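We did not get these values from a lab; they are worked out from the coordinates using the rules stated. As the structure is a prediction and not an experimental result, all values here were calculated from the model. Ideal geometry is used to build each Cβ from the backbone, glycine not excepted, and the neighbour counts take in all protein chains shown.
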Amino acid sequence: MGTGQGKTMKKIKVGVVGLHYGRQIIDHQILTGAGSSFFELTAVCQRNPEACDAVAAEYGVKACSSLDDMLTDDEIGVIILMTGPNGRADQLRKIIRAGKDCMTTKPFEIDPDEAADVLAEARRLGRFIYLNSPCAADSEDFRIINEWRAKYDLGRPVGGHHECWYKVVEEADGSWYDDPAQCPVAPVLRLGIYGVNDMLRIFGEPEEIQAMQTRLFTGRPTPDYARMCIKFKNGAMVDTLDGWVASPERQSTSMILYFERGTIYRNPTMMPCDPVRANLLDHTWLCLSKGDDTDGMPIEKVAVPNTELSQAYQWEVLYNAVTTRQRPEGETPDSVIVNSLRVMAAMQEAAETGCLVKLSHAVKRTGRINPAEPVLA
């Protein structure tokens, strides 16, 4: 992914749309962090004009009254779109038709068909739309996973488990997080989706979905604890268990991948791997146990910087794509993004009905809950 270290790079000017989460991106990804070497904050946009003006003044940048207003600024080459997923495809169409590229966030959309359509249009126009999960291109953790699969002849993947925990009691704030229609099975849509996207890349085409959800502590009308199971066409099965109800730290995320002849653990909380908890905020550990190792001790252990995980915003990949107009090697297929949204739509039906849902028979749901008012919070 190198950009020529030692050379002075011209930063690309960006505008951030949606400051509810966008401020975290500005503070930790653009002003500092992984994106700071490649991008320069130029403008911000939020639905509340007074709040937008205040944030713009704080950062010393322009305040835009709308996405349309921002798109008229020829200085801005990339839009960082941090709005809710409802109707996001409409916003993305405006961005790519204005001749700009985009970094956005998960979940990509609510409507899988709308997502597929705008991604296909971006390719036709030669524009780039990337997000953090699934990330733009092959990540370091996946490179290692694929290397181990080949090196140790692990065989086909047969199962997987993912979990993501926060220990926090959230309060209702009027955002899309509070709307069950826009944020169905919230723990999976907001937390478990990282593992779902990763497992879709490994296990292939999803076929059946089951889901359960509950509210234990949250002040939001949406649930704070949920589980979803996926059966794939190849017979493999995986699940994700997520919520804001338990965690030994502020955040704890782990994934287990079961193969015919071995098991790969990412951030394995219970593995006998001493440094697993060391530098937790900076690194994630990958461990491999072979099927013939009866004591379960890992035969491989690798620490991967969190900035190089599959859920990271790949700012350098976006920068290289924009400046060279070339797609990166190992670019994530659009089908992975679309399949994730198909799973999320079926998950909503499964949770509402309490029934197993086959993706081939899932109820068609539109993502246009209120198309006249896309969320800019």
For this session: Would you grab the residues whose amide H sits under 5 Å from the one on E300? Only those 5+ places off in sequence or on another chain, please, with H modelled 1.01 Å from N.
Result: L288
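Treating only the Cβ of Lys, Arg, Asp and Glu as charged (+1, +1, -1, -1), what charge dipole size does the range 76-131 show about its Cα centre? Round to the nearest 20 debye. All intermediate terms of the calculation are to be shown ahead of the outcome.
Details: 9 positive and 8 negative charges, 62 e Å.
Computed charge dipole of the range 76-131: roughly 300 debye.
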Problem set entry | Hz values of 3J(HN,Hα) by residue in the range 166-179 - Karplus curve (6.51, -1.76, 1.60), Gly and Pro given as x | 10, 10, 7, 9, 7, 10, 4, 9, x, 7, 5, 4, 8, 9
Exercise. Of all the C-alpha pairs in the range 104-210, what % are more than 23 Å from each other?
Worked result: 43
For this session: Enter the Cα centre distance for the pair the range 125-188 and the range 42-114, rounded to the nearest angstrom.
Result: 23
Problem set entry | Radius of gyration and maximum dimension Dmax of the range 1-115, Cα, Å | 14.2, 44
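Strictly greater than 36 Å: what percent of every Cα pair in the chain meets that?
Working: 15040 of 70876 pairs.
Pairs farther apart than 36 Å: 21 percent.
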Exercise. Can you list the HN-Hα couplings for the range 11-20, worked out from phi with the Karplus curve (6.51, -1.76, 1.60; θ = phi - 60°), rounded to whole Hz and with x for Gly and Pro?
Worked result: 6, 8, 7, 10, x, 10, 10, x, 9, 4
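So what is the orientation-averaged projected area of the range 140-308, using the convex hull of its C-alpha atoms, in nm²?
Values: hull surface 41.1 nm².
For the Cα atoms of the range 140-308, the hull's average projected area reads 10.3 nm².
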Seminar exercise, completed: Taking a straight Cα-to-Cα line shorter than 14 Å from K94, and setting aside same-chain aspartates and glutamates fewer than 8 residues away, one finds D68, D69, D73, E114, D117, E121
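Summing Lys, Arg as +1 and Asp, Glu as -1, what charge do residues with Cβ under 12 Å from the Cβ of V78 carry, V78 excluded? Before the final figure, lay out each step's value.
On the way: positive: K11, K13, K100, R127; negative: E40, D73, E75, D101.
Local net charge: 0.
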For this session: Consider all pairwise Cα distances in the range 78-128 and report the whole-number % of them above 18 Å.
Result: 19
Problem set entry | For T332, distant residues with modelled amide H under 5 Å away | A137, D138
For this session: Note down the magnitude of the dipole of the range 140-308 about its Cα centre, charges +1 on Lys and Arg C-beta and -1 on Asp and Glu C-beta and zero elsewhere, to the nearest 20 debye.
Result: 220
For this session: Report, by chain and number, residues whose modeled amide H sits under 5 Å from the one on I110, excluding near sequence neighbours (fewer than 5 apart, same chain).
Result: G87, R88
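With only Lys, Arg, Asp and Glu charged, each at its Cβ (+1 for the first two, -1 for the last two), find how big the charge dipole of the chain is about the Cα centre; round to the nearest 20 debye.
Working: 41 positive and 52 negative charges, 123 e Å.
About 580 debye.
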Exercise. Can you pick out the pairs among K231/K290; K11/K167; K167/K233; K233/K301 whose Cα atoms lie more than 26 Å from each other?
Worked result: K11/K167; K167/K233; K233/K301
For this session: Mind checking which of C164, L67, S175 is farthest towards the positive end of the range 43-192's charge dipole, using Cβ charges of +1 (Lys, Arg) and -1 (Asp, Glu) about the Cα centre?
Result: C164
